Amino acid sequence: MIILGINAYHANASAAIVVDGRLVAAVEEERLNRVKYAAGLPARAIRYCLDCTGTKLSQVDHIAIPRDPRARLWAKLRYAVRMPRFALERARAMKRFLGIREELAAAFDMPPEDIRARFHTIEHHTAHLASTFFVSPFERAAVLSADGLGDFASAMWALGEGAQMRVLGQVTFPHSLGMYYTALTQYLGFWKFGDEYKVMGLAAYGEPEFLGEFRRIVRAYGPISFRLGLEYFIHHTHGPEMSWREADSTPVLGRLFSSHLEKRLGPARKAEEPLGQRHRNIAASMQAALEEVLIANWNGLARITGEKALCLAGGVAFNCVANGKIFGHTPFERVFVHPAAGDAGLSVGAAFQVNHAILGRQREFVMDHAGWGPEFSNADIRRAVDSAHATGDFEIEELREDVLVQTAARHLADGKVLGWFQGRVEWGPRALGNRSILADPRRAEMKEILNRRIKHREVFRPFAPSILEEDAGEYFERMNPSPFMTFAYPVRASKRSAIPAPTHVDGTARLQTVSRTNNPLYWKLLRAFGDLTGVPAVVNTSFNDNEPIVCRPEEALDCFRRTQMDVLVIGRFVLEKSKKEAETKENDAENVARPAD
Ligand SMILES: [Fe+2]
């Protein structure tokens with residue numbers, strides 16, 4: 001039984017394939033076509049999923065699409081009258097969905113009638129809920145999805161039991177926690193798609209001075225729900241407009257906040273304006289208000305379901321600062337967050353919804369790691385390394401695994417910035433030890449070094465640590481696993497000086513716990529670094545420089561050459577820049593101003 005999940009025609013397009021109830025492959029289109037947040041039909045991702053399973057498109061039994069044009073039809077029609085432009089945009093998207101069979105056939109150069117799969121349209125939030133509960137380790141759980149907007153809803157919650165989910169409630173447009181966060185992110189002068197992370201990082205530098213006002217902007221409502229103060233927003237009168245920037249095809253969301261917000265909080269920050277304490281306090285207030293609503297919603301869900309396990313998905317589930325507070329503020333004892341909690345994860349969710357809710361199959365799969373994307377053989381890597389060597393000035397060694405791990409650990413302990421390229425591409429936006437740039441967490445200056453040499457990010461954004469799962473409790477005030485870097489926990493006061501580089505200004509860190517069974521090679525590297533230094537953790541940031549995370553060896557080598565990474569460990573090869581090359585790069589970087597990522 002082969003089920004192909006396809007998230008198409010909006011940002012974070014992706015594909016996933018489930019064979020006999022088990023996920024075999026999943027990848028975002030952006031990793032393959034190298035366009036950040038790529039939309040459209042994810043033809044490359046689909047092709048990869050099919051190749052991975054040795055199947056042809058004509059052999060697929062079911063195709064699951066995470067969008068249901070019939071969902072909330074009356075509400076959509078009501079708004080269509082008020083916002084004709086928004087309605088037109090939606091109608092265009094719907095037309096493309098209806099023609100997906102033909103577009104697929106054209107992309108795979110086959111007649112449409114050769115696609116014999118049954119097509120299923122799965123409502124957006126149902127797919128989010130399925131993406132987390134059906135792949136979680138829990139037999140029963142409360143399940144919550146919250147995002148900006150999908151199929152005219154922004155949140156949905158359910159009780160998951162075995163291979164079934166019972167939807168208990170929802171929040172429909174225009175009330176939306178995702179829109180709230182994006183609107184205030186825009187107000188603070190961050191307009192790029194995905195900039196919400198920046199504001200979450202900034203919040204730690206402020207005090208929630210404006211929380212009183214923010215409680216009017218967003219508030220918990222009823223046992224689980226929430227409401228926006230609509231006078232602060234314009235998406236319900238103008239429609240949330242999405243366009244595509246021509247230069248790099250990345251999505252741009254139109255303005256969401258109203259002039260009333262500016263009247264109450266002062267003028268919006270212009271993108272080039274310096275950040276002041278007022279901006280930091282606004283960021284802190286918006287984060288605090290979101291957390292109040294989420295904590296009330298989680299507690300409501302715990303009361304209604306009586307469950308001790310919680311599954312989360314939807315873009316709001318990426319708020320790792322809020323997620324870190326679940327354990328101290330609710331009765332939930334175990335939490336699973338899908339690694340691709342945003343819309344990329346919908347392809348996995350839609351496929352599993354078909355597998356369980358439509359085909360009635362039992363559950364037999366747990367997502368215990370995130371390595372579902374492409375991998376490359378040592379021969380592929382050797383070829384890429386050989387051709388890079390012809391044009392680059394670096395030393396190359398091919399090493400046995402145990403020597404390779406020791407060598408990499410020693411470089412890290414010596415303060416080198418190290419590219420780490422191993423195994424399959426991670427599913428979701430986080431590098432989790434397969435396509436990562438690593439550094440020594442004991443050196444406070446590493447944050448500045450990583451920024452100056454490679455990442456070019458705003459100084460207020462923290463870097464994250466990976467730590468051995470068995471040692472996490474020694475360093476953090478919580479023991480709950482965080483395999484996909486979706487929780488921020490307080491670093492124990494006694495350990496903050498041991499790992500200053502990834503510890504944020506508020507004393508927390510967005511950690512990844514690394515288990516021996518789920519990522520054995522990365523675990524060995526952390527163990528080796530721990531044996532050398534006494535600290536079983538590294539700074540882990542994504543392997544990229546103002547681009548989607550690298551996928552192929554050629555992209556890793558190109559990023560290694562372009563930036564001031566010292567060492568690249570790729571498969572069994574260790575590449576080290578010669579001193580001369582490293583110095584030239586250092587001078588170049590000091591002389592050339594780079595745009596922020
Ligand atoms: Fe969504």
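The values are calculated or read from the model by the stated rules, or taken from the named source; none is laboratory data. All figures in this text were calculated on a predicted structure; none of them were measured in a lab. Because the Cβ atoms are built from the backbone with ideal geometry, glycine has one as well, and the counts that use them run over all protein chains shown. Protein only, heavy atoms only, side chains kept; ligands, DNA and RNA dropped before computing areas. Shrake-Rupley method; radii C 1.70, N 1.55, O 1.52, S 1.80 Å.
A few notes on this one:
- DSSP beta bridge pairing in the chain, given as percent antiparallel to the nearest 5: 75 percent
- Charge sum, other residues only, whose C-beta stays under 12 Å from Val538's C-beta, Lys/Arg counted +1 and Asp/Glu -1: +3
- Summed side-chain charge close to Lys56 - residues other than Lys56 whose Cβ falls under 15 Å, Lys, Arg +1, Asp, Glu -1: -3
- For Leu511, net neighbour charge (Lys/Arg +1, Asp/Glu -1) across residues whose Cβ lies under 15 Å away: +1
- The chain: DSSP helices with Cα axial extent of at least 27 Å and average Kyte-Doolittle hydropathy no lower than 0.0: none
- Rolling a 1.4 Å probe over the protein heavy atoms gives the chain an accessible area of 38 Å² per residue.
- Measuring nothing but how far apart in sequence close Cα pairs (under 8 Å, 6+ apart) lie, relative to its length, the chain scores a relative contact order of 16 percent.
- Rel. contact order, % - alpha carbon contacts under 8 angstrom, at least six apart, the stretch 45-128: 52 percent
- Within a straight-line Cα-Cα reach of under 17 Å, Lys263 can be paired with the following aspartates and glutamates, leaving aside sequence neighbours fewer than 8 residues apart in one chain: Glu209, Glu213, Glu231.
- Entries in Lys36/Lys455; Lys416/Lys455; Lys198/Lys447; Lys36/Lys447; Lys455/Lys495; Lys198/Lys455 that, when Cα-Cα distance is taken, lie over 18 Å: Lys36/Lys447; Lys455/Lys495
- Only helical runs count toward this figure. For the chain, summing -39,500 (n - 2.57) over DSSP H runs of n ≥ 4 and dividing by all residues gives -10500 deg cm²/dmol at 222 nm.
- Label sites at Arg96 and Leu521, each approximated as a point 7 angstrom past Cα along Cα to Cβ, lie 3.6 nm apart.
- Here the stretch 330-347 and the stretch 1-15 have alpha carbon centers that stand 18 Å from each other.
- For the stretch 354-399 versus the stretch 507-538, the gap between their alpha-carbon centres in whole angstrom: 20 Å
- Part-to-part distance (alpha-carbon centres) for the stretch 174-206 and the stretch 402-418, which is given in Å: 37 Å
- Rounded percent of accessible protein surface that carbon and sulfur make up, the chain, 1.4 Å probe: 51 percent
- Peptides 125-132, 529-536 ranked from most to least packed give 125-132, 529-536, packing being the mean of other C-beta atoms within 10 angstrom over each peptide's residues.
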